Amino acid sequence: MSQNYYELLGVPQTASFEEIKRAFRVKAKACHPDYHPDDPSAEVRFKEINEAYEVLKDEQKRAAYDRYGHEAYTQGMGQGGFGNGFGGFDFTGTGFESIFEEVFNGFGGRRHSSAASPCGADIRYDLEIDLSEAYTGLKKSISVETYVACDKCEGRGGKNLETCPTCGGQGFVRRRQGFFVVEEPCPVCHQTGKVVKDPCSKCSGTGRGRKKRTLEVNIPAGVDSGVRMRLSGEGDAALHGGQSGDLYVFLTVKEHPIFKRSGNDLYCEMPIPMTTAALGGEVTVPTMDGKGEKVSIKAGLQTGTQMKLKGRGMPILKSGNFGDMYVIFKVETPTNLSSRQKELLKEFESAGKDNQSACDDFLSQIKKLFH
């Protein structure tokens, strides 16, 4: 490569290391091959930028470059040369891997300097409750089967822990995938960095076993379908004594035969006798607390009339307040009439034609429409 390293990174020769590092990150991201799959020159530019950075970030290499230029890194210059035919930079060794981490750590990459204690898996439990239970809140016992720490080895897996020979105690192994280096949990020690020389006879060295447990879940008043509750540390125990996962309880509230829920509000369709709707009166409306509430009905009430009962809906979660309740009245037409009832209704019909204004208006509109 003949282009000046400083010009390639877009920095002056007097630039500090931090300025060179920032410029390198910007350039490397801009021409990364993954972002330009249809541009074969992207990989070449990416390698050139890496070569420049590899030299300029090292004080001794940078000093040699400032004095001798590119000749300091061609074959024949002794210990300065890399000798791989591309400006001497080796992209197959640890140099490129460290550069890759340096660039991409901070926007999605992870670096692991040592083995981390792996956590156990999280567990999901689906729980169905009644609307009345969601209204009052309750304590519910659930039965779950999870991994628990072995009681014989106390979760350690056995005796005489040694450094994992596969990952060298790091807990992670690297494998090359094309142009990139992929870091994965060690398949031998399962990210712990240790292996058990004398495994426990009960758990075979895993440090855990399956067990059915009964747990108590506190369900607050006002929960709705889709609410997720977290029980910290009640999930699967980790291998070799790591931190246990969590248990997530997903709630579903069953439909109620009388009340329909919409958010924190309740809706109730209530039938009333035709006589009460015509004459007016007082009826008792059912409520979720079971006490009911008496309301007054005005004479002449029609089907579909809606009444709002403030604060008689569902509890609003963690607030102490309540939603509202809406009662939709449905006027009930009598059936199975006796002969006397039919006579009375006919008399009512003959004497009450002036009271059927809605029917008369509808018939009038029909006549206008078709005549």
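The values are calculated or read from the model by the stated rules, or taken from the named source; none is laboratory data. Just so you know, these numbers come straight off a predicted model, no measurement behind them. All Cβ positions, even for glycine, are placed from backbone atoms using ideal geometry, and neighbour counts span all protein chains on display. Note: accessible area is taken over every heavy atom of the protein model, side chains too, but ligands, DNA and RNA are not part of it. Shrake-Rupley method; radii C 1.70, N 1.55, O 1.52, S 1.80 Å.
Of the residues R213, R228, only one is touching a residue at least 12 places away in the same chain (Cβ under 8 Å) and within 27 Å of F322 (Cβ to Cβ); which?
On inspection, the qualifying residue turns out to be R228.
Taking region 178-188 as the search range and keeping residues that are under 28 Å from D246 (Cα atoms) and not in a strand (DSSP E or B), which one is most open to solvent (accessible area, probe 1.4 Å)?
P187
Which residues, taken from region 33-79, are outside any helix (DSSP H, G or I) and at pLDDT below 70?
T74, Q75, G76, M77
Output the residue which, of all residues in region 189-203 that are of a type outside the set (K, R) and not in a strand (DSSP E or B), is farthest from H32 (Cα to Cα).
The residue in question is S201.
Which residue, of T303, T287, is buried (at least 17 other Cβ atoms within 10 Å of the Cβ), free of Cβ contacts under 8 Å to residues at least 60 places away in the same chain, outside any strand (DSSP E or B) and among the polar types (S, T, N, Q)?
Being buried (at least 17 other Cβ atoms within 10 Å of the Cβ), free of Cβ contacts under 8 Å to residues at least 60 places away in the same chain, outside any strand (DSSP E or B) and among the polar types (S, T, N, Q) holds for just one of T303, T287, which is T287.
Kindly list the number of the only condition in (1) part of a loop (DSSP other than H, G, I, E, B); (2) open to solvent by less than 60 Å² (accessible area, probe 1.4 Å) that fails for P257.
(2)
Condition test on S2, is it within 18 Å of R67 (Cα to Cα), loosely packed, with under 13 Cβ neighbours inside 10 Å, at pLDDT 85 or above and not β-branched (V, I, T)?
So S2 fails the test.
Could you tell me which numbered condition D236 fails, if it satisfies all but one of (1) open to solvent by 30 Å² or more (accessible area, probe 1.4 Å); (2) touching a residue at least 60 places away in the same chain (Cβ under 8 Å)?
For D236, the failing item is (1).
Okay, residues lined up against (1) at pLDDT below 90; (2) within 30 Å of G263 (Cβ to Cβ); (3) surrounded by 12 or more Cβ atoms within 10 Å (Cβ to Cβ):
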site: T146; (1), (2), (3): no, no, yes
site: G158; (1), (2), (3): yes, no, yes
site: R176; (1), (2), (3): yes, no, no
site: H190; (1), (2), (3): yes, no, yes
site: G193; (1), (2), (3): yes, no, yes
site: T214; (1), (2), (3): no, no, no
site: P220; (1), (2), (3): no, yes, yes
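I need a count of the residues in region 306-320 that are open to solvent by less than 40 Å² (accessible area, probe 1.4 Å) and either farther than 17 Å from S132 by Cα or aliphatic (A, V, I, L, M) (or both). Even if it seems obvious, please write down each step before you answer.
In the first step, residues of region 306-320 are kept if they are open to solvent by less than 40 Å² (accessible area, probe 1.4 Å); the result is 309, 311, 313-315.
In the following step, the residues that additionally are either farther than 17 Å from S132 by Cα or aliphatic (A, V, I, L, M) (or both) were identified as 309, 314.
Going through region 306-320 one residue at a time, the tally reaches 2.
For Q341, are the conditions met, namely being at pLDDT below 95, more than 21 Å from G222 (Cβ to Cβ) and not in a loop (DSSP other than H, G, I, E, B)?
yes
Return yes when M270 is assigned to a loop (DSSP other than H, G, I, E, B) and in contact with a Phe, Trp or Tyr (Cβ under 7 Å, 6 or more places away or on another chain) and no when it is not. Show your work before the answer.
Working: assigned to a loop (DSSP other than H, G, I, E, B): no; in contact with a Phe, Trp or Tyr (Cβ under 7 Å, 6 or more places away or on another chain): yes.
In short, no.
Taking region 42-70 on its own, how many of its residues are polar (S, T, N, Q) and open to solvent by less than 60 Å² (accessible area, probe 1.4 Å)?
1
Note down all Cβ pairs under 6 Å where the first residue falls in region 25-42 and is on the phi < 0 side of the Ramachandran plot, the second is modelled with pLDDT under 75 and in a helix (DSSP H, G or I), and they're at least six residues apart or on different chains.
R25/V103; A28/V103; A42/P33
Condition first: open to solvent by less than 100 Å² (accessible area, probe 1.4 Å) and either at pLDDT 90 or above or β-branched (V, I, T) (or both). Now tell me which residues in region 321-336 satisfy that.
Those that are open to solvent by less than 100 Å² (accessible area, probe 1.4 Å) and either at pLDDT 90 or above or β-branched (V, I, T) (or both): N321, F322, G323, D324, M325, Y326, V327, I328, F329, K330, V331.
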